[in-house]
1. Criterion first (aliphatic (A, V, I, L, M), free of Cβ contacts under 8 Å to residues at least 12 places away in the same chain and over 13 Å from ALA40 (Cα atoms)) does ALA95 satisfy it?
2. Determine whether the range 101-119 contains at least one residue that is of a type in the set (Asp, Glu) and surrounded by 17 or more Cβ atoms within 10 Å (Cβ to Cβ).
3. So, ASN60, is that one of a type outside the set (A, V, I, L, M), in contact with a Pro (Cβ under 7 Å, 6 or more places away or on another chain) and free of Cβ contacts under 8 Å to residues at least 60 places away in the same chain or not?
4. What number of residues within the range 84-98 satisfy the criterion of being modelled with pLDDT of 95 or more, hydrophobic (A, V, I, L, M, F, W, C) and assigned to a strand (DSSP E or B)?
5. Would the range 41-52 turn up any residue that is surrounded by 14 or more Cβ atoms within 10 Å (Cβ to Cβ), under 27 Å from ILE128 (Cβ atoms) and of a type in the set (Asp, Glu)?
6. From GLU89, GLU59, GLU67, grab the single residue that is farther than 20 Å from ILE38 by Cβ, surrounded by 14 or more Cβ atoms within 10 Å (Cβ to Cβ) and in contact with a His (Cβ under 9 Å, 6 or more places away or on another chain).
7. Return the pairs, sorted by first residue and then second, in which the second residue is surrounded by 16 or more Cβ atoms within 10 Å (Cβ to Cβ) and not aliphatic (A, V, I, L, M), the first residue lies in the range 104-116 and is over 18 Å from ALA62 (Cβ atoms), the beta carbons are less than 7 Å apart, and the residues are 6+ apart or on different chains.
Amino acid sequence: MRKHTVLSAAALALLAGMAIMVLMPGLGAAAQSGPGYINAVDLDIAPDQMAAYLAAIKENGAASIKEPGCRQFSIAVQAGNPNHVFLYEVYDDEAALAAHRATDHFKKYAATTTSMVVTRKATPLTPIAFNFKP
């Protein structure tokens, strides 16, 4: 479990850097703080359901990024554990995440994937500072 936590933290750090480009485009190298709400989700998917799960989450992610309050929706699979999926979602605020969860495409995703997900852990995060280069 400890290795799982370290790898999830590493994935989170990598994706946090990607969020900077979305949250503050056009800025030079700097430490920036800003608004936003991050939903980081670790999921373990039943091995025989992985292909179907990835199809469903890709569809959900593509629709999610079109929502007004969604800034980023990244999907990654953990190196060395192909059935572990990490979602990194950046929203304007918590209300935008709530609006996302009320959409038809999210409801479809949730209904389709419920039996595919073995474990799910969502971690809400508040951005403090982003250090980045454009």
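1. Details: aliphatic (A, V, I, L, M): yes; free of Cβ contacts under 8 Å to residues at least 12 places away in the same chain: no; over 13 Å from ALA40 (Cα atoms): yes.
Answer is no for this residue.
2. Initially, the range 101-119 is screened for residues of a type in the set (Asp, Glu), giving 104.
Subsequent filtering for residues that are surrounded by 17 or more Cβ atoms within 10 Å (Cβ to Cβ) retains none.
Checked against the condition, which is being of a type in the set (Asp, Glu) and surrounded by 17 or more Cβ atoms within 10 Å (Cβ to Cβ), the range 101-119 yields no hits at all.
3. Details: of a type outside the set (A, V, I, L, M): yes; in contact with a Pro (Cβ under 7 Å, 6 or more places away or on another chain): no; free of Cβ contacts under 8 Å to residues at least 60 places away in the same chain: yes.
So ASN60 does not fit the description; no.
4. Final tally of qualifying residues: 3.
5. Taking every residue of the range 41-52 in turn, at least one turns out to be surrounded by 14 or more Cβ atoms within 10 Å (Cβ to Cβ), under 27 Å from ILE128 (Cβ atoms) and of a type in the set (Asp, Glu).
6. Details: GLU89 fails: farther than 20 Å from ILE38 by Cβ; GLU67 fails: farther than 20 Å from ILE38 by Cβ.
Result: GLU59 is the single residue among GLU89, GLU59, GLU67 that is farther than 20 Å from ILE38 by Cβ, surrounded by 14 or more Cβ atoms within 10 Å (Cβ to Cβ) and in contact with a His (Cβ under 9 Å, 6 or more places away or on another chain).
7. MET116/GLN49; MET116/TYR53
The values are calculated or read from the model by the stated rules, or taken from the named source; none is laboratory data. Please read these numbers as outputs of a predicted model, since none were measured by experiment. Quick reminder, even Gly has a Cβ in these numbers, built from the backbone with ideal geometry, and neighbours come from all protein chains shown.
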